[in-house]
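Notes follow the structure.
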Amino acid sequence: MTWDAFRRGAAGAAQGEEELRMLWRRFKDHDDPQAKERLVLTYAPLVKFVAGRMNSQLPSHVEETDLISYGLMGLIGAVERFDPERQIKFETYALPRIKGSIIDELRSLDWVPRSVRARSREIERKAAQLEHKLQRAPTEEELAEALGMTLDDFRAAITQISNSSIVALDETWSVSSGGEPLSLIDTIADTGSHRPDLQMEITELRDTLADAIARLPEREKIVIALYYYDHLTLREIGEVLGVTESRISQLHTKAILRLKGRLQGDGEVDRG
């Protein structure tokens, strides 16, 4: 790239940012509906991104177009509530709200059988109990035996839970001393926050989560790191580890169930 081309690209980016600032001022100061519409259209790719990531974890009968429709409601709400004066990027503010809007709509449809949810909670509890007893993460065989299942039945249950999971890290992982639910999303820094007590609890949750991840079996730890920190898809992780996407999905689900059981177990101990 020549220096002139670089300067033109930089000038174009600066011009685009200035146009965005003008749109935000028109909408927030004058409630301009056209400015609002243009802002929604500008940030619409965020909805496509979130819907695409979530769709890869959902059953095949869930259409991505439906997820996009649910996510757009979250985007519109984020545009309406966002304060451009705060020192936070709109993308950071909007992503969890788009994701939350999709999750809320999916849950309202109640498409996950109660038996699957009950089995998921049972595995979470049993994994936490065994880890406390053994002082290490239990193996598949140990978990299956404790649950009174064959190894094949246990793996089939994990696959079923995996196919019905909706972004498990968005769910409540702990409860603050004030009774407020805390999820992993709450660990995203908010420079406009003025709640030092809640920030301390979020920091404690982050530390507890890091400790729980460190205690996972090695392959599950790798899957969590590659998926949530390096943002690889399940298929890409399978290629890295040399196993099928289905096997990676099982490892991911087992890791999430272990982590939830561990963190919720800690919360019960703390509240006792």
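Taken over region 136-161, the criterion of being under 15 Å from Leu251 (Cα atoms), hydrophobic (A, V, I, L, M, F, W, C) and assigned to a helix (DSSP H, G or I) is satisfied by Leu143, Ala144, Leu151, Phe154, Ala156, Ala157, Ile158, Ile161. Scan region 220-235 for residues that are surrounded by 15 or more Cβ atoms within 10 Å (Cβ to Cβ) and of a type in the set (D, E, K, R) and the total you get is 2. Here Ala13 meets the list (1) at pLDDT below 80; (2) surrounded by 10 or more Cβ atoms within 10 Å (Cβ to Cβ); (3) outside any helix (DSSP H, G or I) almost entirely, failing just condition (3).
Filter region 108-125 down to the residues that are crowded, with 18+ Cβ neighbours inside 10 Å and touching a Gly at 6+ places or on another chain (Cβ under 8 Å), then identify the one that is modelled with the lowest pLDDT. Top of the filtered list is Glu124. Of the listed requirements (1) among the small types (Gly, Ala, Ser); (2) crowded, with 16+ Cβ neighbours inside 10 Å; (3) closer than 26 Å to His231 by Cα, Ser56 misses just one: (2).
Being surrounded by fewer than 12 Cβ atoms within 10 Å (Cβ to Cβ), within 28 Å of Gly238 (Cα to Cα) and without any contact (Cβ under 8 Å) to a residue 12 or more places away in the chain is true for just one of Pro45, Pro33. Which residue is that? None of the others qualify; the one that does is Pro45.
Surrounded by fewer than 16 Cβ atoms within 10 Å (Cβ to Cβ) and either of a type outside the set (Asp, Glu) or at pLDDT below 90 (or both), is that true of Arg25? Considered against the rule, which asks whether it is surrounded by fewer than 16 Cβ atoms within 10 Å (Cβ to Cβ) and either of a type outside the set (Asp, Glu) or at pLDDT below 90 (or both), Arg25 comes out as yes. Just one of the listed residues (Glu140, Glu105) is of a type in the set (D, E, K, R) and either within 18 Å of Leu259 (Cβ to Cβ) or at pLDDT 85 or above (or both), and it is Glu140. Evaluation of Arg247 against the conditions (1) buried (at least 18 other Cβ atoms within 10 Å of the Cβ); (2) modelled with pLDDT under 85 shows that the sole unmet condition is (2).
Cβ-Cβ contacts under 8 Å between residues 6 or more apart (or on different chains), taken from a first residue in region 132-156 that is more than 20 Å from Asp211 (Cβ to Cβ) to a second residue that is among the small types (Gly, Ala, Ser) and at pLDDT below 90, are listed as Leu143/Ala127; Met149/Ala157. Screening Ala78, Ala94, Ala44, Ala51 for residues that are among the small types (Gly, Ala, Ser) and under 21 Å from Ile161 (Cα atoms) leaves exactly one candidate, Ala51.
The values are calculated or read from the model by the stated rules, or taken from the named source; none is laboratory data. No experiment lies behind these values; they were computed from the predicted model shown. Using ideal geometry, Cβ is built from the backbone for each residue, glycine included, and neighbour counts are taken over all protein chains shown.
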